[in-house]
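The structure appears right after this line, and notes come after that.
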Amino acid sequence: MQAFPQLVFSGVQPTGNLHLGNYLGAITKFVALQDTHDCIYCVVDLHAITVAQKPSELTSNIREVTAAFIAAGVDPTRHIVFNQSQVAEHAELAWIFNCVARIGWLNRMTQFKEKAGKDRENASVGLYAYPTLMAADILVYRATHVPVGEDQKQHLELARDIAQKFNNDFLVDNPAYADGKGFFPLPEPLIQGPATRVMSLRDGSKKMSKSDPSDNSRINLADDGDTIAQKIRKAKTDPDALPSALEGLAGRPEADNLVGIYAALEGKTKLNVLQQFGSGNFSTFKSALVDLTVAKLAPIGSEMRRLQADAPYIDGVLRDGSNRARERAAKTMSAVRDIVGFVR
Ligand code: AQP
């Protein structure tokens, strides 16, 4: 069986308050993969409207995410950066996948349960079908690798199930695919490192999230140095000193989270961080964390602001990226229409 050419795809929703979790769980990985892979990075605006968005805020959030990608080091000339709504093939493939995926599969998705909450009857159909659109985002480029945070693992498994079922359902009697390779690859999640699930600074049991009503729960990429320092100093901790071994972090989610953030920002392991700060008091560690976080994030924040002030540049990047993405997606969809049996 011949392997598919390696291709990286990932996306971020333009829903405002881009934060340290998005940065460490996803955007830093996007940057690192650029040297070894062909990469496509998408501002997933069709996903954003699965919950209500004010049009003017959506526009500005699309530009914010694009600016964050570029400020963090994504190169839109060597790779592709675009917004999802401008490549209609995503929505077309999502419809076909809606007919491949089973209701029982979607019923198991925990993100829908969390986001819809108790008022499930009132959630949009789009929020329910979110994972089939995500599968289409990835597979319309036949991408093989997807850097994401831990929270997206279940959606990636669903994308693999959809790819597998599509290959099984439509290619059995198709002599062009008799080699058994299938049309769609089974995309692999890339979820590694010490900060694949950054937790809230106010509650170590909750994920750091854009939609948390408390701004102190997260460090926004747009925060200035003083705000970052204040939020870390106020971050919830327990009264004990930092341990020197990893086992000492068990049952201490807030300490574990801050150590993970330090490790990810410094490119070290959590054990390295404990070897450096273990047994010392928490305030010494927090001061070092403030310095490191400000040193890493403040320049990105100021570059984001500079880029966001230049809307024609950002819009040009997205237009160019959309044109290049559309060319690739159109090829996939042309083949998919034939495979499904539609008449041209
Ligand atoms: N806390 C996190 N830790 C690590 N990675 C995270 N990601 C999100 N939160 C964390 C990763 O960031 C990428 C983009 O996420 P998204 O914007 O598409 O959607 P999300 O996961 O729904 O993000 P939020 O911040 O949690 O938004 P809300 O509050 O709207 O639900 C993804 O790779 C994600 O894994």
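Residue by residue, here is whether (1) within 13 Å of the ligand (Cβ to nearest atom); (2) of a type outside the set (Phe, Trp, Tyr); (3) in contact (Cβ under 8 Å) with a residue 60 or more places away in the chain; (4) not assigned by TED's automatic domain parsing to the domain that holds His47 holds:
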| position | (1), (2), (3), (4) |
| --- | --- |
| Gln154 | yes, yes, no, no |
| Asp161 | no, yes, yes, no |
| Asn168 | no, yes, no, no |
| Glu188 | no, yes, no, no |
| Ser205 | yes, yes, no, yes |
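Within region 103-114, if we keep just the residues that are modelled with pLDDT of 95 or more and among the charged types (D, E, K, R), the residue that is nearest to Ala159 (Cα to Cα) turns out to be Arg108. Of all residues in region 155-207, those satisfying the criterion of being outside any loop (DSSP other than H, G, I, E, B) and of a type in the set (Lys, Arg) are Arg160, Lys165, Lys207.
Is it the case, given these coordinates, that Met304 is under 30 Å from Asp226 (Cα atoms), touching a Leu at 6+ places or on another chain (Cβ under 8 Å) and in a helix (DSSP H, G or I)? Here the answer is yes, as Met304 does meet what is asked. The condition of being crowded, with 18+ Cβ neighbours inside 10 Å and either among the β-branched types (Val, Ile, Thr) or free of Cβ contacts under 8 Å to residues at least 60 places away in the same chain (or both) holds for only one of Val74, Val51, that being Val74.
Would you pick out the residues in region 38-67 that are out of contact with any strand residue (DSSP E or B) (no Cβ under 8 Å at 6 or more places or on another chain) and more than 30 Å from Asn122 (Cα to Cα)? Listed by number, the list holds a single entry, Ala67. Does Ala123 satisfy the condition of being in the same structural domain as Tyr41 (by TED's automatic domain parsing) and under 27 Å from Ser334 (Cα atoms)? Against the criterion (in the same structural domain as Tyr41 (by TED's automatic domain parsing) and under 27 Å from Ser334 (Cα atoms)), Ala123 does not qualify. The condition of being free of Cβ contacts under 8 Å to residues at least 40 places away in the same chain, surrounded by fewer than 19 Cβ atoms within 10 Å (Cβ to Cβ) and within 15 Å of the ligand (Cβ to nearest atom) holds for only one of Ala123, Ala176, that being Ala123. Restricting Ser209, Ser200, Ser214 to those that are of a type in the set (Ser, Thr, Tyr), in contact with a Lys or Arg (Cβ under 8 Å, 6 or more places away or on another chain) and crowded, with 21+ Cβ neighbours inside 10 Å reduces the list to Ser200. Among the residues of region 188-233, those that are within 16 Å of the chain's Cα centre (by Cα), of a type outside the set (S, T, N, Q) and farther than 24 Å from Leu249 by Cα comprise Glu188, Pro189, Leu190, Lys210, Leu221. The combined condition, being free of Cβ contacts under 8 Å to residues at least 12 places away in the same chain and under 17 Å from the mean Cα position of the chain (by Cα), is not fulfilled by Ala67.
The values are calculated or read from the model by the stated rules, or taken from the named source; none is laboratory data. Keep in mind that what you see is a predicted model, and the values were worked out from it rather than measured. A quick note on method: Cβ atoms are made from the backbone with ideal geometry, for glycine too, and the neighbour counts reach across all protein chains shown.
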